[in-house]
C-alpha cells in the first residue's frame with residue numbers, strides 16, 4: 001500500500017482523491033531547478049501535455065488545460081524524504097483580442113503513478129480536494145451533523161458511540177443524496193442544508209409520522225402534519 005505525506009506532516013488515507021497533496025510554491029520552485037538544493041532537476045526533465053480544449057461544466061465556456069508532471073521527487077531535502085510525483089495544472093481562456101488569460105493554476109504532490117494517460121484524471125482529483133473539504137468535513141462540522149461538538153460524555157465508550165452514530169448518519173444522508181428521489185427533492189426545496197434538517201427535526205419530534213413517504217411528501221409540498229391519534233378521536 002502506498003501513502004502520501006502532506007507537506008506539514010499530516011497523513012492522508014490512500015483514497016484516490018485524498019492521496020494528492022497541495023504543494024508550497026517554494027517546493028515547486030526547488031524541483032524545477034531554480035537555484036536551490038534541488039537545482040539539478042532541470043526544466044527539460046518535466047513532462048507535459050499539449051493544451052487540451054475542454055468545456056467548463058458550470059459556465060459552459062470552452063477553456064484550455066495543460067498538465068505538467070515529474071516523477072520520483074523527494075517531498076523535502078532530507079535523506080529519508082518520501083518520493084512521489086509533482087503535478088501542475090494550468091487553465092487558460094482565449095480572449096476576444098486573440099490573447100490568452102490564465103484563470104486557474106495549482107500544483108499537487110501525489111504517491112499515485114502519473115503518466116500521460118492519467119495525468120488529467122489525477123490533476124482533477126487533486127483539484128477536487130476543495131470539494132471534499134466543503135461537502136464532507138465542513139458539512140459534518142457546520143451544516144447539520146454538528147461534529148465539532150465535544151463528545152466528551154461517559155467513561156466507558158459513550159463518546160465513541162455518539163461520534164460513530166453521527167458518522168453513520170452522515171453516510172446514510174450521503175447515500176440518500178444519490179439514490180432517493182423524494183429526499184433529493186426535499187433537500188433542493190429547502191436550499192440550505194441546515195434549514196432542511198431543522199424542518200425534519202421539528203416534524204419527527206412533534207408529530208406522528210405513519211411512513212417515510214408521508215414525511216418526505218409533507219416536507220416537499222409543505223403539508224400540515226397529521227394529527228396525533230388522541231387528537232383525531234377528539
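The values are calculated or read from the model by the stated rules, or taken from the named source; none is laboratory data. Here the structure is a predicted model, which is why all the values come from computation and not from measurement. With ideal geometry, Cβ positions are generated from the backbone for all residues, glycine too; neighbour counts draw on all protein chains shown.
Structure above, values below:
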{"read-out": "Residues (exposed (fewer than 11 other Cβ atoms within 10 Å of the Cβ) and within 22 Å of residue 47 (Cα to Cα)) located in segment 60-82", "value": "72"}
{"read-out": "Criterion: loosely packed, with under 13 Cβ neighbours inside 10 Å, modelled with pLDDT of 80 or more and in contact with a helix residue (DSSP H, G or I) (Cβ under 8 Å, 6 or more places away or on another chain) - qualifying residue of 213, 203, 222, 193", "value": "213"}
{"read-out": "In segment 171-190, the residues that are surrounded by 14 or more Cβ atoms within 10 Å (Cβ to Cβ) and within 22 Å of the chain's Cα centre (by Cα)", "value": "173, 176, 180, 183, 184, 187"}
{"read-out": "Any pair with Cβ under 6 angstrom, 6 or more apart, that starts in segment 146-172 at a residue that is modelled with pLDDT under 75 and ends at one that is assigned to a loop (DSSP other than H, G, I, E, B)", "value": "none"}
{"read-out": "Wholly enclosed helices (runs of 4 or more DSSP H) of segment 105-146 bearing at least 1 residues outside the structural domain of residue 51 (by TED's automatic domain parsing) and closer than 17 Å to residue 168 by Cα", "value": "138-142"}
{"read-out": "Segment 75-87 residues that are in the same structural domain as residue 109 (by TED's automatic domain parsing) and in contact (Cβ under 8 Å) with a residue 12 or more places away in the chain, paired with ones that are surrounded by fewer than 11 Cβ atoms within 10 Å (Cβ to Cβ) and part of a loop (DSSP other than H, G, I, E, B) (beta carbon under 9 Å, 6 or more apart)", "value": "77/37"}
{"read-out": "Lone qualifier among 164, 103, 90, 110 - being surrounded by 12 or more Cβ atoms within 10 Å (Cβ to Cβ) and touching a helix residue (DSSP H, G or I) at 6+ places or on another chain (Cβ under 9 Å)", "value": "110"}
{"read-out": "Residue list for segment 57-101, filter: at pLDDT 90 or above and out of contact with any strand residue (DSSP E or B) (no Cβ under 8 Å at 6 or more places or on another chain)", "value": "99"}
